[in-house]
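Accompanying notes for the structure given below.
The values are calculated or read from the model by the stated rules, or taken from the named source; none is laboratory data. Since the model is a prediction, treat every value here as computed from it, not as a measurement. Here the Cβ is made from the backbone with ideal geometry for all residues, glycine too, and neighbour counts use every protein chain on show.
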Protein chains: 6
Amino acid sequence: MPYINIQITREGTAPGRNAVTAEEKAALIKGASQLMLDVLNKPFDSTFVVIDEVDPDNWGWGGLPALEFRKQREASRR
Amino acid sequence: MPYINIQITREGTAPGRNAVTAEEKAALIKGASQLMLDVLNKPFDSTFVVIDEVDPDNWGWGGLPALEFRKQREASRR
Amino acid sequence: MPYINIQITREGTAPGRNAVTAEEKAALIKGASQLMLDVLNKPFDSTFVVIDEVDPDNWGWGGLPALEFRKQREASRR
Amino acid sequence: MPYINIQITREGTAPGRNAVTAEEKAALIKGASQLMLDVLNKPFDSTFVVIDEVDPDNWGWGGLPALEFRKQREASRR
Amino acid sequence: MPYINIQITREGTAPGRNAVTAEEKAALIKGASQLMLDVLNKPFDSTFVVIDEVDPDNWGWGGLPALEFRKQREASRR
Amino acid sequence: MPYINIQITREGTAPGRNAVTAEEKAALIKGASQLMLDVLNKPFDSTFVVIDEVDPDNWGWGGLPALEFRKQREASRR
């Protein structure tokens with residue numbers, strides 16, 4: 001009876017997109033359900049998956065809004 | 001001091017509606033708070049209820065987006 | 001497809017008990033599932049309920065560990 | 001590796017505003033991350049903060065939608 | 001910056017075990033992180049996974065504690 | 001009416017300790033409540049804080065159980 005909550009920032013995976021697509025969401029749902037079957041032997045119909053898309057302003061990492069932190073991090077890796 | 005989080009798909013309970021109404025939300029809040037009082041003797045003012053409405057594309061069941069799973073399930077029951 | 005998470009402090013509802021009983025947990029599960037059926041017309045087999053019992057030291061209210069806050073509050077009501 | 005989830009009602013902190021500002025969100029992220037560093041010695045880059053803004057209709061307190069409860073409470077304090 | 005919360009019942013996957021093993025937990029962590037990389041292109045070091053093991057008494061499905069529901073369901077399928 | 005959930009690994013902040021102390025938990029509760037007052041003007045008695053202590057085996061980062069990831073990371077920084 002697994003319940004899986006996936007929290008991600010609301011942003012696209014390719015230029016020109018600003019959100020995860022329905023296909024990508026379906027792939028997350030399928031993959032997470034498959035993982036429960038493979039590792040814990042849980043049948044598909046006993047697994048719930050809930051995806052939360054979070055505005056980037058609402059996600060913090062490194063003490064900063066996530067997009068600022070990411071920029072800072074990339075700059076420091078150069 | 002209970003905290004209750006209710007996650008539901010964002011959809012209507014009657015034809016022509018596409019979301020839970022404010023009255024239905026108030027009924028969920030009242031019912032969940034009453035349950036805490038009845039079973040655990042918790043006074044109303046110590047219970048928080050938070051309702052999350054989740055886009056149906058973001059909810060997975062049976063390895064599929066929830067609406068697809070529901071259709072499949074209904075078909076198989078016929 | 002509701003998912004309901006009930007968070008409560010780990011403590012008894014009667015003198016001499018230090019935790020919620022299995023019967024009380026079953027009543028919470030039944031009541032929460034019934035609420036989804038009554039208000040949103042969700043069948044029992046599409047509702048998950050997860051109860052989290054939280055150590056009272058780990059629950060804060062009023063800026064204090066919950067048991068301290070409760071004592072303070074009761075004192076101020078006298 | 002702390003993860004902090006802050007749930008608040010979606011409303012402004014000053015007249016004429018109807019939501020928390022980006023500056024306030026950044027202050028929540030910074031303050032929560034600082035708290036993990038000060039109390040638990042967790043470096044900034046190992047702390048995630050996720051802010052959920054909840055529609056006031058979806059938040060219950062005292063058995064009522066939160067805004068109704070607040071009004072009632074203020075009235076009773078007069 | 002995904003955060004994934006996996007909630008499962010605390011029980012073994014083979015006779016004689018009463019909990020998920022450390023190896024199974026590592027497989028859940030690896031699989032969930034890989035899914036974020038494959039579908040959303042998120043690097044491993046930006047994904048957190050938190051596994052919650054829930055006592056079967058604390059998990060409800062079908063209006064019943066989960067183990068009772070499972071027994072009933074299996075009986076009805078015969 | 002904020003609700004704050006703080007998830008941390010169950011481990012000590014000093015040699016010889018294997019868990020967060022009650023004093024540290026009280027400091028987290030106080031600090032998080034103060035933050036809601038300072039940034040959002042929320043009174044102490046409307047803020048709930050719930051601390052979840054997670055077994056290190058149950059926390060994943062970088063595709064690995066968190067303690068393994070941390071070791072690997074420290075080694076790579078030398």
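Looking at segment B:29-37, can you tell me whether even one residue there is of a type outside the set (Lys, Arg) and over 23 Å from C:ALA22 (Cα atoms)? Quick ask: steps written out before the conclusion?
Restricting attention to segment B:29-37, the residues satisfying the condition of being of a type outside the set (Lys, Arg) are B:29, B:31-37.
Adding the requirement that they be over 23 Å from C:ALA22 (Cα atoms) leaves B:29.
So far as segment B:29-37 goes, yes, one or more of its residues are of a type outside the set (Lys, Arg) and over 23 Å from C:ALA22 (Cα atoms).
Inspect segment A:67-77 for any residue being in contact with a Lys or Arg (Cβ under 7 Å, 6 or more places away or on another chain) and either touching a residue at least 40 places away in the same chain (Cβ under 8 Å) or aliphatic (A, V, I, L, M) (or both) and give the result as yes or no.
Step one: filter segment A:67-77 for residues in contact with a Lys or Arg (Cβ under 7 Å, 6 or more places away or on another chain), giving none.
For segment A:67-77, residues in contact with a Lys or Arg (Cβ under 7 Å, 6 or more places away or on another chain) and either touching a residue at least 40 places away in the same chain (Cβ under 8 Å) or aliphatic (A, V, I, L, M) (or both): absent.
Out of (1) of a type outside the set (Lys, Arg); (2) more than 13 Å from the chain's Cα centre (by Cα); (3) modelled with pLDDT under 95, the odd one out for C:THR13 is which?
(2)
Name the one entry in E:ASN18, E:ASN5 that is in contact with an Asp or Glu (Cβ under 7 Å, 6 or more places away or on another chain) and without any contact (Cβ under 8 Å) to a residue 12 or more places away in the chain.
Details: E:ASN5 fails: without any contact (Cβ under 8 Å) to a residue 12 or more places away in the chain.
E:ASN18 is the lone residue from the list that is in contact with an Asp or Glu (Cβ under 7 Å, 6 or more places away or on another chain) and without any contact (Cβ under 8 Å) to a residue 12 or more places away in the chain.
Quick check on segment A:25-66: of everything there that is within 17 Å of D:SER33 (Cα to Cα) and touching a residue at least 12 places away in the same chain (Cβ under 8 Å), which residue is surrounded by the fewest Cβ atoms within 10 Å (Cβ to Cβ)? Step through it out loud before you land on a result.
Filtering segment A:25-66 for residues within 17 Å of D:SER33 (Cα to Cα) gives A:56-66.
Subsequent filtering for residues that are touching a residue at least 12 places away in the same chain (Cβ under 8 Å) retains A:56, A:59, A:66.
Values: A:PRO56: 15, A:TRP59: 24, A:ALA66: 24.
The selected residue is A:PRO56.
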